[in-house]
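Remarks on the structure that follows.
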Amino acid sequence: MALIVQKYGGTSVGSVERIQAVAQRVRATVQARNSVVVVVSAMGKTTDGLVKLAQGVSANPSRREMDMLLSTGEQVSIALLSMALQELGQSAISLTGAQVGIVTESEYSRARILDVRTDRLKTHLDQGKVVVVAGFQGISQQDNTEITTLGRGGSDTSAVALAAALGAQECQIYTDVPGILTTDPRLVPEAQLMDEITCDEMLELASLGAKVLHPRAVEIARNYGVPLRVLSSWSDRPGTRVISPIPQPRSLHNLEITQAVDAVEFDTDQAKVAILRVPDRPGVAARLFGEVSRQNVDVDLIIQSIHEGNTNDIAFTVETRRLSHAEAVAEAFGQALVKEMESKPRRKRQESLAEVMTEQRTAKIAIAGAGMIGRPGIAAEMFAALADAGVNIEMISTSEVKVSCTIDVHDCDRAISSLCRTFDIDASPIQLPTQAASRHNAPPVRGVALDRNQARLSVRCVPDQPGMSAKIFGVLAKKNISVDTIIQSQRCRILKGTPTRDLACTITQADAETARFALQDLASLWGWGEVTVDTNIAKVSVVGAGMVGHPGVAAQMFAALAQHQINIQMITTSEIKISCVVAESDGVTALKIIHDAFQLAGKERVELPA
Ligand code: ADP
Ligand code: ASP
Ligand code: MG
């Protein structure tokens, strides 16, 4: 007899009829000789409704009372589903997070799971009952009486944690779409269902806006090798399998408190090309990277920072042996831009004289680990460790599960040992290029995501010395603000004899003002300039493990945006993703055209429940 954990989301249990349909499916699973634990979300949009109620009463409700309130939604659905099962003659029992013993940190509204007690669950299962568990909630470790919630969308995480703790044969996430699609079918109806996706790709997609899975659920599945599947509660189709690598054996104690960083990676074979002062208008990045890819040069990191006046800087890295090619392309591109400018009126010409800079040998150093999701302090800790070792950071590029910096190649050994010490990594650091080999079968772009909840935070004129990024991101971490894309400008401005650079990052809109105030307060003390926030942005990203060693993916993405006259405000990449910040009003169009450009659209439209 196998044990299956099934999770049903809000829409799947949104009405009495839906709850009855879920009960039928659960019963059928039991009749196929399985033990079943079911995790359910609150009905329909109940949680949103409860949030609105709270806002009506208080502008700033306490996080404890919010958890008390929001946890009630799930309690309604477990009781109703349990009754519906009993009506079908299937014995069942509902349990809250506290009754099961889903023990969490004492951090209201975003608690991480520490332990899942399984004895009570097992006793009920042994008696032939279906156990219906409230998702999204737990009980705090400290005194075992406080109700906590895991963060919006957290029922997925409850389900995967239960599956890990019980050693379930499969964790099935039933939702209102047929599985994981190439993008959100509510925005792009031509999105196509995938048969499978790797955990690494799904982690990126989930954290870049694809809310079909909670990123922390993917993280647990990856750490414990939980077989995970996403499928529709409206059909019997097999959905999408999320594939995890074979995990290292690990204890179930402190389930979500994994080591934040599990690898330090480096690559000393990188050269940097930067083009300063390119015009800030649609099509420029597309032209540059189109030409680079025609020369068959694979670019690794690409960074375009916030613009200054009407120009941008774009920097990218390539393998050292490809530098001469890349440089030739950049020089020709720069000269073409200068020629174009010379035909323009004198005032504009002065502002925009493109210039190419190269650096023969730089090193890329990165920390990686799914455990850094939602832990704002990790990037700051990395920057502080580099500063302590006297290492200056040249470029920064981040994803949810990785922070990469380029540094002077001569600093590489010192940087590695400082990072290994800081993050307690005793295995030897991983040399990056060898990793690409296992990915050659994956498609270059698996999916596309849009995040409309982001704001851009910019800090102008940050003194260019070791330790400054650590200070800035340390301040944000103290306020519990997770930063996403971090970009440091290429352009160096000398202010009162000190070289300075601009720094920008994206954060969630809800944190924007807190972040701005916190940094502004310290501006005169630490010597940085104006701090600004822009909430009218959207981030569109492509993700695919196969883009490693596949030149031209970035060029294709930029060309699609250029064709539709969409200006790119920031660019950042990791090995398996490319993200562009665009104006919020361009977000959905950008998503659609990029999805089309990579031929991800299919002929069949996905059917969505009303
Ligand atoms: P549930 O209530 O079942 O947890 P969610 O609303 O949290 O469901 O997540 C499912 C939704 O995720 C879908 O209705 C869809 O609009 C959205 N979504 C975003 N990106 C994707 C994607 N790549 N594949 C599938 N669904 C996606
Ligand atoms: N009901 C919670 C929410 O809406 C948890 C979940 O559905 O996963 O965020
Ligand atoms: Mg969900």
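The values are calculated or read from the model by the stated rules, or taken from the named source; none is laboratory data. What you see is a predicted model, and the numbers here were worked out from it, not measured in a lab. A quick note on method: Cβ atoms are made from the backbone with ideal geometry, for glycine too, and the neighbour counts reach across all protein chains shown. Each accessible area value is taken on the protein alone, full model and side chains, heavy atoms only, with ligands, DNA and RNA left out. Shrake-Rupley method; radii C 1.70, N 1.55, O 1.52, S 1.80 Å.
A few remarks follow.
- If you filter the range 540-563 down to residues that are assigned to a loop (DSSP other than H, G, I, E, B) and touching a helix residue (DSSP H, G or I) at 6+ places or on another chain (Cβ under 8 Å), you find that the one that is surrounded by the most Cβ atoms within 10 Å (Cβ to Cβ) is Gly544.
- Subset of the range 27-54 [over 27 Å from the mean Cα position of the chain (by Cα), within 15 Å of ligand 2 (Cβ to nearest atom) and open to solvent by 30 Å² or more (accessible area, probe 1.4 Å)]: Leu53
- Enumeration of residues in the range 367-388 that are open to solvent by less than 20 Å² (accessible area, probe 1.4 Å) and of a type in the set (A, V, I, L, M): Ile367, Ala368, Ala370, Met372, Ile373, Ile378, Ala379, Ala380, Met382, Ala385, Leu386
- Among (1) part of a helix (DSSP H, G or I); (2) more than 19 Å from Leu252 (Cα to Cα), the one test that Ala98 misses: (2)
Listed here are the residues, each with its yes/no results for (1) assigned to a helix (DSSP H, G or I); (2) surrounded by fewer than 19 Cβ atoms within 10 Å (Cβ to Cβ).
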residue	(1), (2)
Gln86	yes, yes
Arg120	yes, yes
Asp156	yes, no
Ala165	yes, no
Ile173	no, no
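- Flag if Ser15 is within 14 Å of ligand 2 (Cβ to nearest atom) and closer than 19 Å to Thr72 by Cβ: no
This table checks each residue for (1) among the basic types (Lys, Arg); (2) touching a strand residue (DSSP E or B) at 6+ places or on another chain (Cβ under 8 Å); (3) open to solvent by less than 10 Å² (accessible area, probe 1.4 Å); (4) within 16 Å of ligand 1 (Cβ to nearest atom).
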{"site": "Glu17", "(1), (2), (3), (4)": "no, no, no, no"}
{"site": "Arg25", "(1), (2), (3), (4)": "yes, yes, no, yes"}
{"site": "Gly56", "(1), (2), (3), (4)": "no, no, no, no"}
{"site": "Met68", "(1), (2), (3), (4)": "no, yes, no, no"}
{"site": "Val76", "(1), (2), (3), (4)": "no, no, no, yes"}
{"site": "Ser82", "(1), (2), (3), (4)": "no, yes, yes, no"}
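- Filtered by the rule that a residue be closer than 23 Å to Gln569 by Cβ and either among the small types (Gly, Ala, Ser) or open to solvent by 30 Å² or more (accessible area, probe 1.4 Å) (or both), the range 524-539 gives Gly529, Glu530, Thr532, Val533, Asp534, Thr535, Asn536, Ala538.
- On inspection, Arg152 fails the criterion of being outside any loop (DSSP other than H, G, I, E, B), within 16 Å of ligand 2 (Cβ to nearest atom) and open to solvent by 10 Å² or more (accessible area, probe 1.4 Å).
- Matching residues in the range 391-426 - criterion: being part of a helix (DSSP H, G or I), in contact (Cβ under 8 Å) with a residue 40 or more places away in the chain and either over 17 Å from Leu301 (Cβ atoms) or open to solvent by 10 Å² or more (accessible area, probe 1.4 Å) (or both): Val409, Asp411, Ile416, Leu419, Cys420, Thr422
- Qualifying position, being within 14 Å of ligand 1 (Cβ to nearest atom) and either in a strand (DSSP E or B) or free of Cβ contacts under 8 Å to residues at least 24 places away in the same chain (or both), among Val212, Val242, Val218, Val188: Val242
- Meets criteria (at pLDDT below 80 and among the small types (Gly, Ala, Ser)) for Ala477: no
- Checked against (1) touching a strand residue (DSSP E or B) at 6+ places or on another chain (Cβ under 8 Å); (2) open to solvent by 10 Å² or more (accessible area, probe 1.4 Å); (3) within 16 Å of ligand 2 (Cβ to nearest atom); (4) not basic (Lys, Arg), Pro215 meets all criteria but (1).
- Selection of first residues in the range 2-13 that are closer than 13 Å to Val133 by Cα and of second residues that are open to solvent by 20 Å² or more (accessible area, probe 1.4 Å) and within 14 Å of ligand 2 (Cβ to nearest atom), restricted to Cβ pairs under 7 Å at least 6 apart or on distinct chains, gives the following pairs, ordered by first then second residue: Gly9/Thr175; Gly9/Asp176.
- Being touching a helix residue (DSSP H, G or I) at 6+ places or on another chain (Cβ under 7 Å), within 16 Å of ligand 2 (Cβ to nearest atom) and either at pLDDT 95 or above or open to solvent by 30 Å² or more (accessible area, probe 1.4 Å) (or both) is not true of Thr104.
- When Asp521 is tested against (1) of a type in the set (D, E, K, R); (2) closer than 13 Å to Ser458 by Cα; (3) without any contact (Cβ under 8 Å) to a residue 60 or more places away in the chain, exactly one condition is not met: (2).
- Exactly one residue among Arg294, Arg281, Arg322 is open to solvent by 20 Å² or more (accessible area, probe 1.4 Å) and over 22 Å from Gln563 (Cα atoms), and that residue is Arg322.
- Here Leu231, Leu252, Leu301, Leu288 are screened, and the one residue that is in contact (Cβ under 8 Å) with a residue 24 or more places away in the chain and open to solvent by 60 Å² or more (accessible area, probe 1.4 Å) is Leu252.
- Residue in the range 302-322 that is under 24 Å from Ile393 (Cα atoms) and over 30 Å from the mean Cα position of the chain (by Cα) present: yes
- Test for Asp200: is it assigned to a helix (DSSP H, G or I) and open to solvent by 30 Å² or more (accessible area, probe 1.4 Å): yes
- Members of the range 471-500 that are assigned to a loop (DSSP other than H, G, I, E, B) and over 19 Å from Gly377 (Cβ atoms): Ser489, Gln490, Arg491, Cys492, Lys496, Gly497
- Looking at Asp184, Asp176, just one residue is within 14 Å of ligand 3 (Cβ to nearest atom) and within 19 Å of the chain's Cα centre (by Cα), and that residue is Asp184.
- Residue that is nearest to Met468 (Cα to Cα) [pool: residues in the range 503-539 that are in a strand (DSSP E or B) and under 17 Å from the mean Cα position of the chain (by Cα)]: Cys505
- Test set (1) part of a loop (DSSP other than H, G, I, E, B); (2) within 16 Å of ligand 3 (Cβ to nearest atom) - Val133 fails condition number: (1)
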